Amino acid sequence: MKHQNQNYKRGQSSNDFEPGKYGKHWNDIEFQLMTGAKAKTPLAPATQPIIGTLCVGGKQIELTFSETNKIITELAQGQQAHTTAKRLGQLEQGMGTYRG
């Protein structure tokens, strides 16, 4: 009998997917592209048009390109800070970010 390689199945989705194991809001995070006048023309006082709407936990926030870049940067820094703090054993109560 010939050996069958089952490794190709790794990484594929299955019916036992549980979005809750990724966090309370994981299933409710999405980005909707803006169309129409708001996507073409900046609304004062902004100097950029709105590129889309970020939806998280039932809340919707319209964002410009610069605002999306700021969110991406802040979240990446937050992930890096958490990873570093975890490695240094600084995730205990009272060891949070210094806000001097």
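The values are calculated or read from the model by the stated rules, or taken from the named source; none is laboratory data. Quantities reported herein were computed from a predicted structural model and do not represent experimental measurements. With ideal geometry, Cβ positions are generated from the backbone for all residues, glycine too; neighbour counts draw on all protein chains shown.
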Could you list, in sequence order, all residues of region 57-76 that are assigned to a helix (DSSP H, G or I) and not aliphatic (A, V, I, L, M)? Phe65, Ser66, Glu67, Thr68, Asn69, Lys70, Thr73, Glu74
Just give me the residues in region 11-60 being among the aliphatic types (A, V, I, L, M), surrounded by 11 or more Cβ atoms within 10 Å (Cβ to Cβ) and at pLDDT below 90, in sequence order. Leu43, Ala46
Is it the case that region 61-73 has a residue that's hydrophobic (A, V, I, L, M, F, W, C), surrounded by 12 or more Cβ atoms within 10 Å (Cβ to Cβ) and modelled with pLDDT under 90? no
Across region 55-84, what is the total count of residues that are touching a strand residue (DSSP E or B) at 6+ places or on another chain (Cβ under 9 Å) and among the aliphatic types (A, V, I, L, M)? 4
Checked region 25-57 for anything among the aliphatic types (A, V, I, L, M) and farther than 15 Å from Glu67 by Cβ; matches are Ile29, Ala37, Ala44
